[in-house]
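A.B. asks: What follows is a single structure, and I will ask about it in a moment.
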Amino acid sequence: MTYSGFQIRHLSFHGSGKEPPVVSFQSGLNVVYGASDTGKSYIVEAIDFMLGGKGPLPDIPQANGYDRVLLAIAFDDGSETTLLRSMAGGRFQAFEGLHTSIPDAEGSPLGEIHNERDETNLSSFLLSKIGLAGKRIKKNATDETQALSFRNIARLAIVNEEEIIQKRSPLSDGNYTANTANTSVFTMLLTGVDETALLSRKSTSAEDQKRLAQIDLLDQLIADAQKRITTISGSRDELSGQEERLTRAMDNRAEQLAFTEEKFKAISSRRRAIIQKLEITNDRYTEIATLLDRFNLLRDHYVSDYERLLGIREAGSFFSVLQQEVCPTCGASPDHHDPTAVCCALRKSWTLIPLNPGQRFR
């Protein structure tokens, strides 16, 4: 049996406002080298994660700010596909071509869990590309079979250093109950023959028949429910289209919310600046008002002093025009006035005798 394969071309990490780091691969042997704790093991974990491994990716300081991963794959049939996935895990989106930046167009959604009844999942997509779609492998010692998943093959192709140093067979993953399935996958890859023709050797007891009947009944109920759901909600394509429209609408609302938040932050910053400026202005206003009150009080004092000086000057002008007269007390002439002497008439005792109204005192 001839298998088809694929080659990984690019692995890149993307985040808002961040420069995407890109790891490129060529045909043939690729060697990624570097010192310890520089991201070599993280690249292996990211490849396994983008090929259907469970998320999220390990949290490392270098991954801060990145939220999505792109894995570009070239298949042997000439087709090229780029897978997009959130670093937290979840569903995939598939884009035609090799991309190192996130395409603007909508990709095809792919589920992260294998389902043989639904081909819109990553495992079924990859198995169909490499020619292993619909294969079955042995599940246990009673010859029960299960659908082949790409994760059964990925563990043989992606081997980390922990698996290398384990003291057990490379076919075993440490889970004893999965050894039969792992060996069956390895055998199928070597021989090209799967276990589709294998019949279970499990006895069909009454209990088993009861369980099989219950399973058939549940399958029938599931089929009926799916038909009713299809009748009520429409076809899968319509639901997928509706989901895409809802996703785009939610993305638009998220962008509008982000823009509104940015605008609110800008307005809030401006408001805080205005309030701060208003507080400074009020403090300055209070200071100036206090100074004005003090200046007004000082002006009143200056006006009072000025008016008193004016009165003194006016009184002095009156004194300057008065003529010299004899002393009204002792009758001395102006030539004999002595400012330092006490008038002799004042030394006498005086008795003030009130006279009739209108007369002077003696």
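A.B. asks: Kindly check whether there is at least one residue in the stretch 185-192 that is over 30 Å from S240 (Cβ atoms), open to solvent by less than 40 Å² (accessible area, probe 1.4 Å) and either touching a strand residue (DSSP E or B) at 6+ places or on another chain (Cβ under 9 Å) or aliphatic (A, V, I, L, M) (or both).
C.D. replies: As a first pass, look at the stretch 185-192 and keep what is over 30 Å from S240 (Cβ atoms): 185-192.
Imposing the further condition that a residue be open to solvent by less than 40 Å² (accessible area, probe 1.4 Å) reduces the set to 185, 188, 192.
This time we only want the ones that are either touching a strand residue (DSSP E or B) at 6+ places or on another chain (Cβ under 9 Å) or aliphatic (A, V, I, L, M) (or both), so: 185, 188.
Yes, because at least one residue in the stretch 185-192 is over 30 Å from S240 (Cβ atoms), open to solvent by less than 40 Å² (accessible area, probe 1.4 Å) and either touching a strand residue (DSSP E or B) at 6+ places or on another chain (Cβ under 9 Å) or aliphatic (A, V, I, L, M) (or both).
A.B. asks: So the check is Cβ under 6 Å with 6+ separation or different chains; which pairs have a first residue in the stretch 59-85 that's more than 17 Å from L122 (Cα to Cα) and a second one that's open to solvent by 10 Å² or more (accessible area, probe 1.4 Å) and among the hydrophobic types (A, V, I, L, M, F, W, C)?
C.D. replies: Listed by first residue and then by second, the contacts come to Y66/F13; D67/M87.
A.B. asks: Specify the residue that is farthest from the chain's Cα centre (by Cα); the eligible residues are those in the stretch 56-75 that are within 17 Å of A94 (Cβ to Cβ) and not aliphatic (A, V, I, L, M). Steps first, please.
C.D. replies: Let us first name the residues in the stretch 56-75 that are within 17 Å of A94 (Cβ to Cβ), namely 68-75.
Filter once more, so that each one left must be not aliphatic (A, V, I, L, M): 68, 75.
Numbers: R68: 14, F75: 37 Å.
So, considering only residues that are within 17 Å of A94 (Cβ to Cβ) and not aliphatic (A, V, I, L, M), the one farthest from the chain's Cα centre (by Cα) is F75.
A.B. asks: Among the residues in the stretch 23-31, are any open to solvent by less than 30 Å² (accessible area, probe 1.4 Å) and either at pLDDT below 90 or small (G, A, S) (or both)?
C.D. replies: Looking through the stretch 23-31, none of the residues is open to solvent by less than 30 Å² (accessible area, probe 1.4 Å) and either at pLDDT below 90 or small (G, A, S) (or both).
A.B. asks: Taking E106 and the conditions (1) open to solvent by 60 Å² or more (accessible area, probe 1.4 Å); (2) touching an Asp or Glu at 6+ places or on another chain (Cβ under 7 Å); (3) not in a loop (DSSP other than H, G, I, E, B), which numbered condition does it fall short on, given that it satisfies the others?
C.D. replies: (3)
A.B. asks: Filter the stretch 135-163 down to the residues that are surrounded by 15 or more Cβ atoms within 10 Å (Cβ to Cβ), among the small types (G, A, S) and part of a loop (DSSP other than H, G, I, E, B) and list them by number.
C.D. replies: Passing the criteria: only S149.
A.B. asks: Let me ask you something else. Name every residue in the stretch 254-285 that is open to solvent by 80 Å² or more (accessible area, probe 1.4 Å) and over 30 Å from S16 (Cα atoms), in order of residue number.
C.D. replies: Matches in the stretch 254-285: I274, Q276, K277, L278, E279, I280, D283, R284, Y285.
A.B. asks: In the stretch 71-97, which residue that is in a strand (DSSP E or B) and of a type in the set (S, T, N, Q) is farthest from G28 (Cα to Cα)?
C.D. replies: Looking only at the stretch 71-97, we keep the residues that are in a strand (DSSP E or B), and these are 71-75, 80-86, 92-96.
With the extra rule that they be of a type in the set (S, T, N, Q), the set shrinks to 81-82, 86, 93.
Details: T81: 19, T82: 20, S86: 29, Q93: 27 Å.
Filtering first and then ranking leaves S86.
A.B. asks: Taking G111 as the residue in question, decide whether it is within 18 Å of I158 (Cβ to Cβ) and either of a type in the set (F, W, Y) or open to solvent by less than 60 Å² (accessible area, probe 1.4 Å) (or both).
C.D. replies: Details: within 18 Å of I158 (Cβ to Cβ): no; either of a type in the set (F, W, Y) or open to solvent by less than 60 Å² (accessible area, probe 1.4 Å) (or both): yes.
No: the conditions fail for G111.
The values are calculated or read from the model by the stated rules, or taken from the named source; none is laboratory data. Small disclaimer: the values here were computed from a predicted structure and weren't measured. Neighbour counts run over all protein chains shown; Cβ positions are idealised from the backbone, glycine included. Quick note on the areas: whole protein, heavy atoms, side chains included, nothing else; ligands and nucleic acids left out. Shrake-Rupley method; radii C 1.70, N 1.55, O 1.52, S 1.80 Å.
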